[in-house]
């Protein structure tokens, strides 16, 4: 997920969006659906892993992100890897 | 990491490489340096997250992968995200 | 899915692969998991839609395609569209 | 089809466009020309399959989409696949 | 259409393929389905316009090109342009 | 040629530009320099073939298009193809 | 790092940003973390090498650049090369 | 060098920029540093060859172009070719 | 023009091709059709400018290059630039 | 510089090439022309900075690399940056 907030956006609107985004993200971490989030160093971007029931759930989560209008998102469907210790 | 093993490779050589790759990967999971590995669904590829001391360590791990000559690797440096619950 | 069979492949091996691919595809159509398949006109390629339980099932289907070593695959996760008549 | 509506668009204008787009899409589903529509998960985008008489008909449908000025469209001509059960 | 014939191909086989391709192309010009063909200057490539009944016909023509295994093809569906004098 | 007219352009200015573009295009069809024009289905774009004396003439035609400031243009120099029936 | 400052930015704001960027860069050169900086000839861009403790430090430095909102950054993690004389 | 002047730029400002660009270019042709300039047919772009002492000189010339804020530039370092008659 | 000669090519065949390429290139420089040739520094590639009657001539020159089967070529049609001193 | 040595290359030939490459690189470090070399972590690739008199010298160095036939090279001309402490 790359974030591109236009420089001209009102600072108050921007601060509110970022705060709501953070709260939204933390709620989904607590429910277990947003399994991992890392900052891509030097970028206004993150790498996230979601653990959801199906594509409908994934879409609902992303579509409702407060920053969704400013995001470009790339999705790679993941499955368990046979070398993963947890696969035994 | 995308794997491209040429179809003409000797099946015994191939099986040996794949078995050694798996063992190598599991050893590094046990030591904690290979933090996550997922299969990219429908691809001979994986998404991995490493937790290493520095770039020297990361390079040593990847360079010594038994399948390294058949891999193309893209690396994104990651840092802790401020929205990560673990950041509190 | 784009298919690239090397021109040097033995014609008998090739014919066998293509026949097994076709049977495999038809079995999955009958089970309902391979929901749609179209030929991309003028290409040795197809556009397919799968209706599967999860990413594990999708990966298992693709990984076991007889032509998998000769395929390059791009996956777009799909969900129901709110304009779809079936969504009412 | 990817949709990019500029954030500065008047909300009323936007809501009207989206509503007309939905009705237009549903009318063409009823006539059978808009054969399939799926939401690309996590994207303001869809994957659609059209069943039309010729390229003139396809162009007329797309050009008249209420959201056409905000769309980027990629088209892949499709034909029946020889492995399709319906081809027998 | 870009042509990539491997340098190692037997010269007799190559000459036969090229001759059959030329005859095939001319037959379809005579029937009116291969409406235009131009050489892309300095490339082993051509730009062609087909006038066919539907995507099935287009696919059949391209798939049966003698050089098809050595071609990469990009297709742009065309329609009549409103500025075309012939549109009046 | 892809056309990108900014949505904010005054409708009267836009209508005038489009009308002048059409007239300009038709004049050059009558003179034989604009040999072919097709609409790319589903795109605000066209595929055109020019029959001009040299690159200077081609540049002059394109540079003076009323819509030139809104166009992105890709040019492929074409020559007669040896398989063209007209080459005999 | 590529810099894209919108032409409409107030000249005083711009001059202040550029001056603060320069001072920030020089402070980090003095501390040794910004090891090298070169101008990419003919571009508003630079190639820089950082010598930092970890990805967290790298992210903090880049995120706090006064020009960060106008930058696009690509990062390549570097390690010592075995041919480097300093490696002996 | 591709030029992208925003359509909204004041026509007087634009005319002045273009005139100064032309004079600047001609001065450097007279000094021998701007060795060649060609128009890319059908594009607001040119292909230029510079004959300069070093990268510092090249950067100074490009950075001071009146149209620099509206240019995107790609640079290929050139050397004498062994097949060049002038190399004898 | 980028040259990619497969490493396995017989050294004698290769030396002969390269020598014939050089002689061919020099003949066309003497006739004035191959106006300029530069080596792209650090690449097995060149940047060339041709001064030919039409696209047919350009195609004939490139198609008959001894190294043509090993070349990838990109062509940009050039015209006189209005800032060129020679345009006065 | 990315290195792609075909897996089928004779191990003795390969070892000899790699050893000669290392010695060549170190000689140029001693002469000051090969100013910096870093390993791109996890890649058979390096990032190098050269300090040479002109493009001729740069080309001669790269063209004579023992591994040149297996390299793909991208070059960015660099100049002194105005923020560089060494620029004062």
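At a glance:
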| item | result |
| --- | --- |
| Options B:41, B:45, B:35: the member that is touching a residue at least 40 places away in the same chain (Cβ under 8 Å) and more than 14 Å from chain J (Cβ to nearest Cβ) | B:45 |
| Boolean, residue F:18 is closer than 25 Å to residue D:56 by Cβ, in contact (Cβ under 8 Å) with a residue 12 or more places away in the chain and surrounded by 14 or more Cβ atoms within 10 Å (Cβ to Cβ) | yes |
| Selection status of residue G:75, in contact with a helix residue (DSSP H, G or I) (Cβ under 7 Å, 6 or more places away or on another chain) and crowded, with 16+ Cβ neighbours inside 10 Å | no |
| Selection count where residues are under 24 Å from residue H:74 (Cβ atoms) and within 14 Å of chain B (Cβ to nearest Cβ), scope segment J:48-75 | 1 |
| Hits in segment J:38-56 - residues which are more than 14 Å from the chain's Cα centre (by Cα) and under 30 Å from residue H:51 (Cα atoms) | J:53, J:54, J:55, J:56 |
| Subset of segment H:1-37 (residues that are within 12 Å of the chain's Cα centre (by Cα) and closer than 23 Å to residue F:67 by Cα) | H:1, H:2, H:3 |
| Subset of segment A:1-30 (residues that are over 28 Å from residue B:36 (Cα atoms), facing another protein chain (nearest Cβ under 9 Å) and either at pLDDT 95 or above or in a helix (DSSP H, G or I) (or both)) | none |
| Number of the exception - residue E:39 against (1) buried (at least 19 other Cβ atoms within 10 Å of the Cβ); (2) more than 24 Å from residue I:77 (Cβ to Cβ); (3) in contact with a helix residue (DSSP H, G or I) (Cβ under 7 Å, 6 or more places away or on another chain) | (2) |
| Residue within segment E:76-84 that is more than 14 Å from chain I (Cβ to nearest Cβ), without any contact (Cβ under 8 Å) to a residue 24 or more places away in the chain, in contact with a strand residue (DSSP E or B) (Cβ under 9 Å, 6 or more places away or on another chain) and under 29 Å from residue I:2 (Cα atoms) present | yes |
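The values are calculated or read from the model by the stated rules, or taken from the named source; none is laboratory data. These numbers were taken from a predicted model, which means no experiment stands behind them. Note that each Cβ is placed from the backbone with ideal geometry, even for glycine, and that neighbours are counted across all protein chains shown.
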